[in-house]
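As C-alpha cells, the structure follows; a few thoughts come after it.
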Amino acid sequence: MKIRRPREADYPQAKAMLADAGLPAEDFAADYLAFVAEDAGEIVAAVGFQALGDVGLLRSLVVAEGTRFKGLGRQLVSELEAHAVEQGVREIWLLTRGVDRYFLALGYATRDRAQVPPEIRNTTEFAELCPEDATVMSKKLG
Ligand SMILES: CC(C)(COP(=O)(O)OP(=O)(O)OC[C@H]1O[C@@H](n2cnc3c(N)ncnc32)[C@H](O)[C@@H]1OP(=O)(O)O)[C@@H](O)C(=O)NCCC(=O)NCCS
C-alpha cells in the first residue's frame, strides 16, 4: 500500500470511486485530486482538496469498501493536512453527511453555516452539490 500524489491516469478511477460512494463527482476536476492510495496497481482510496487562499475545502474522501477500517482514511487526511499547511492554508473546511463523528475524531469541529468563509461558500460543492442537511465542519491547522 502506498499513499502518493496522483498521476493523470488515476483521475477516472478516483472519480468513479466517488460516484460509487454517492459523493458529489460532477464538478470534481482532475486538479482537485490531492492524494491517492495505491495497492497492487489499483487505486483504493482518494482525497480531494481545493485550496482557496488561506482556507481550503477537503472534499471527497473515499476508501474502497474492502479496504476500510484500516486507518487509510485517517492517513490520507493527515497527508492532506500537511500538504495544505505547505500551501499556506490555515483552516480546512468540509461538508459531510453521516460521517461527522469520523471527522470529529480527527480534530474537526462542527460549524454553523453562517461561519463559512465566502471562498468556501462560493465553491460549486458548497453552493450547489451538497444538500442543506450536510454537516459543515472545519479544523484550524498548525
Ligand atoms: C469515511 C471513510 C473515508 C473512512 O475511511 P477508513 O479508511 O475506513 O477509516 P479509518 O480506518 O481511517 O478509520 C479511523 C477511525 O474512524 C472510525 N470510522 C471509520 N468509518 C467511520 C464512520 N463512517 N463513522 C464513524 N467512525 C468511523 C474507525 O472505526 C476508526 O476508529 P478507531 O481509530 O477508533 O479504530 C470511508 O468509510 C468511506 O470511504 N466512506 C464512504 C465515503 C464517505 O462518506 N466519505 C466522507 C465524505 S466527506
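General remarks:
- Applying the condition of being touching an Asp or Glu at 6+ places or on another chain (Cβ under 7 Å) and not acidic (Asp, Glu) to the stretch 107-135 and asking which residue is surrounded by the most Cβ atoms within 10 Å (Cβ to Cβ) yields 135.
- Taking the criterion of being open to solvent by less than 20 Å² (accessible area, probe 1.4 Å), under 19 Å from residue 18 (Cβ atoms), in contact (Cβ under 8 Å) with a residue 40 or more places away in the chain and more than 7 Å from the ligand (Cβ to nearest atom), the residues of the stretch 68-94 that qualify are 76, 80, 92, 93.
- Here residue 98 passes the criteria (1) under 25 Å from residue 30 (Cβ atoms); (2) at pLDDT below 95; (3) within 8 Å of the ligand (Cβ to nearest atom) except the one numbered (1).
Yes or no, residue by residue, for (1) over 13 Å from the mean Cα position of the chain (by Cα); (2) not β-branched (Val, Ile, Thr):
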position	(1), (2)
64	yes, yes
70	yes, yes
74	no, yes
78	no, yes
82	yes, yes
85	yes, no
88	yes, yes
101	yes, yes
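- Entry remark, the stretch 1-15: residues being assigned to a helix (DSSP H, G or I), open to solvent by 50 Å² or more (accessible area, probe 1.4 Å) and in contact with a strand residue (DSSP E or B) (Cβ under 9 Å, 6 or more places away or on another chain) number 3 in total.
- Only listed residue being without any contact (Cβ under 8 Å) to a residue 24 or more places away in the chain and either closer than 17 Å to residue 98 by Cβ or touching a Phe, Trp or Tyr at 6+ places or on another chain (Cβ under 8 Å) (or both), chosen from 65, 8: 65
- Where residue 138 falls short, out of the listed (1) at pLDDT 95 or above; (2) open to solvent by 20 Å² or more (accessible area, probe 1.4 Å): (2)
Matching residues to (1) buried (at least 23 other Cβ atoms within 10 Å of the Cβ); (2) at negative phi:
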| site | (1), (2) |
| --- | --- |
| 24 | no, yes |
| 29 | no, yes |
| 34 | yes, yes |
| 52 | no, yes |
| 56 | yes, yes |
| 60 | yes, no |
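The values are calculated or read from the model by the stated rules, or taken from the named source; none is laboratory data. Nothing here was measured: the structure is a model prediction, and the numbers come from that model. Methodologically, a virtual Cβ is constructed for each residue, glycine included, from the backbone with ideal geometry; neighbour enumeration extends over all protein chains shown. Ligands, DNA and RNA are stripped out before the accessible areas are found, and what is left, the full protein with its side chains, is counted by its heavy atoms. Shrake-Rupley method; radii C 1.70, N 1.55, O 1.52, S 1.80 Å.
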